[in-house]
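Okay, structure first, notes after.
The values are calculated or read from the model by the stated rules, or taken from the named source; none is laboratory data. This structure is a prediction, so every number in the text was calculated from the model and none was measured. Here the Cβ positions follow ideal geometry from the backbone for every residue, glycine too, while neighbour counts run over all protein chains shown. Accessible surface is based on the protein model in full, side chains and every heavy atom, while ligands, DNA and RNA are left aside. Shrake-Rupley method; radii C 1.70, N 1.55, O 1.52, S 1.80 Å.
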Amino acid sequence: MATRRRAYPMPDVAMDLDPVVQSALRELMQDDYPLLLDTFVQDGEKRLATLASSLQQQQWDAFRQAAHSFKGSCGNMGAEALQHACERAEQAGLQHDAELASQCYEEICQLFQRVQLHLAR
């Protein structure tokens, strides 16, 4: 007799901040959790500045690299929607697509603000 695996529904939309990841980070980091959050926010602000300047100057490799690095940080923090936006930005940089890169940058800015609001709670 075959055993059936329980199917877990996948969310239709990526979460701003995965509570399971955040719980695991709190447990792992303990007293250093607030430092982790501060570091993520500061790093994110630097990445946004790099994305903005490289987009303005159409330095596609720098844009792609900043998006790629930010994507990894977002993944570690469980910022799923922001991670996906960074992935799209990375692809826009690879394609040298200024219009898509600009759209992705705006989305990343908005999502980063939302993530910061969640982290401040």
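Computed quantities for the displayed model
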quantity	calculated
Any hit, the range 35-56, residues being touching a Gly at 6+ places or on another chain (Cβ under 9 Å) and not hydrophobic (A, V, I, L, M, F, W, C)	yes
Filter result (part of a helix (DSSP H, G or I), out of contact with any Ser or Thr (no Cβ under 9 Å at 6 or more places or on another chain) and open to solvent by 50 Å² or more (accessible area, probe 1.4 Å)) within the range 57-79	His68, Asn76
Residues of the range 80-101 classified as free of Cβ contacts under 8 Å to residues at least 12 places away in the same chain and either open to solvent by less than 50 Å² (accessible area, probe 1.4 Å) or more than 19 Å from Ala14 (Cα to Cα) (or both), total	3
Those residues of the range 102-121 which are of a type in the set (A, V, I, L, M, F, W, C) and either surrounded by fewer than 17 Cβ atoms within 10 Å (Cβ to Cβ) or more than 19 Å from Tyr33 (Cα to Cα) (or both), in sequence order	Cys104, Ile108, Cys109, Leu111, Leu117, Ala120
